[in-house]
Amino acid sequence: MRKIALITTILTLTTMESANALQYATGRSALKFNAMGTAGVFEPKFKDTLFLGDFDLRLQYNYAVARGQTLGLVYDWDAEALGNNDYSHDAFALWEIRDVGRLEVGLTESVAHKLGVGLPDVGGLRINHKPLFYKKISPRGNVIPDTSVTSGHNSPRVNLVSVPTNIGQYGISVAAFGGDFDYSVDGGVKFRFPNGKLKSAVSLGASFMDKPHKYSSTTYTPDITADWRAQGSIGYNLQYNSWIWGTSILGIYDKNPIGTAGDGISAGTGVSYDILNYSLSLTYMYSHTGIWHDDMKKYVEHNVISSFRYKYNENLEVWTSIGLTTKTPYISTAMKLAF
């Protein structure tokens, strides 16, 4: 009864009026603020009720220096940064040339991560980037939680990315001086194939990190120390009308790692369907760590997630997810407000 009452309360809140994005523009300048907040519950084994929260705050300032050219500043703070005791997730300057591409300088994710293609999911558990469920469920061993290439956002970085064209979009990143590694070089490419009702996209990403030292890939897996780390990923999405199918795989290799193995393979596939204001999705995720090292313990993790979402408007939605890891079933429901 408690769960039914909670879900009923959340659905009742969907009758609220939605918020509007905060924007201000004058002359050549423009300022925009976006925010997202999620609040709900997470119940491992359907009995322990835990609070589930997520948020993202983003502020961007743009200045048009010439026709087709823009300078800007971006600051973003989210739940991931808060969990890592960081003051920002993104804090960078940008220079954008409309027909050429974009330059980013500062603290932000790499091009390989930003151009990646994720798995379809309509819930709010962030399955494509540092999922929330492993914060609530402690796995028996080390897990690669998603299939995205990442080299963090705490080291000064330069991103160069082309403008999207009919052929595709590509970019390269270089990061150093952050303390978690000597340097990192990342690259990514994304191809889009729009064809009427049938649309598809494929992405390729790669990363080389030299001398990671207590590098934290997530807040809930062991820190990595090794001679070097190499990553590679491929993702594919296919959309037909309201159906979306996606699959992706990430491979990570650490040279001479110290401590618990943090490398291996993460793969997943899923499908989603939209009808009016309702959406459904089913996703499967697989992780296998320690497979490259005979002297380290290997660990396999499976996760199946089914999600339902009701979208009242562009700003307000509620969702429920039911999942099963290798050992633990769980359910989660929450309301998301964004503007």
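The values are calculated or read from the model by the stated rules, or taken from the named source; none is laboratory data. Keep in mind that this is a model prediction, so the values were computed, not measured. Cβ placement follows ideal geometry from the backbone for every residue including glycine, while neighbour counts extend to all protein chains displayed.
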Practice item. Looking only at region 183-202, decide whether some residue is within 19 Å of the chain's Cα centre (by Cα), among the basic types (K, R) and modelled with pLDDT of 95 or more. Key: yes
Checked region 147-162 for anything touching a helix residue (DSSP H, G or I) at 6+ places or on another chain (Cβ under 8 Å) and surrounded by fewer than 20 Cβ atoms within 10 Å (Cβ to Cβ); matches are L160
Here the residues within region 11-30 that are assigned to a strand (DSSP E or B) and either loosely packed, with under 15 Cβ neighbours inside 10 Å or at pLDDT below 95 (or both) are L22, Q23, Y24, A25, T26, S29
**Report entry** Check on D54, surrounded by 15 or more Cβ atoms within 10 Å (Cβ to Cβ), farther than 15 Å from V105 by Cβ, modelled with pLDDT of 95 or more and within 22 Å of the chain's Cα centre (by Cα)
**Finding:** yes
Going through region 280-339 in order, the residues found to be part of a strand (DSSP E or B) and of a type in the set (D, E, K, R) are E301, R309, K311, E317, K336
Checked region 285-316 for anything charged (D, E, K, R) and free of Cβ contacts under 8 Å to residues at least 24 places away in the same chain; matches are D294, D295
Evaluate region 206-218: report whether one residue or more is free of Cβ contacts under 8 Å to residues at least 24 places away in the same chain and not in a strand (DSSP E or B).
no
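Do we find that S266 is in a strand (DSSP E or B) and in contact (Cβ under 8 Å) with a residue 60 or more places away in the chain in this structure?
yes
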Those residues of region 175-188 that are buried (at least 16 other Cβ atoms within 10 Å of the Cβ) and part of a strand (DSSP E or B) come to a total of 6
**Request:** Check whether at least one residue in region 106-123 is more than 19 Å from T283 (Cα to Cα), surrounded by 19 or more Cβ atoms within 10 Å (Cβ to Cβ) and small (G, A, S), and report yes or no.
**Result:** yes
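Being among the charged types (D, E, K, R), surrounded by fewer than 19 Cβ atoms within 10 Å (Cβ to Cβ) and over 28 Å from P222 (Cα atoms) is the filter here; which residues of region 289-321 pass it?
Correct list: K311, E314.
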For region 232-263, the count of residues that are surrounded by fewer than 22 Cβ atoms within 10 Å (Cβ to Cβ), in a strand (DSSP E or B) and among the polar types (S, T, N, Q) equals 3
Subset of region 65-83, residues loosely packed, with under 15 Cβ neighbours inside 10 Å and either of a type in the set (S, T, Y) or in a strand (DSSP E or B) (or both), comes to V65, A66, Q69
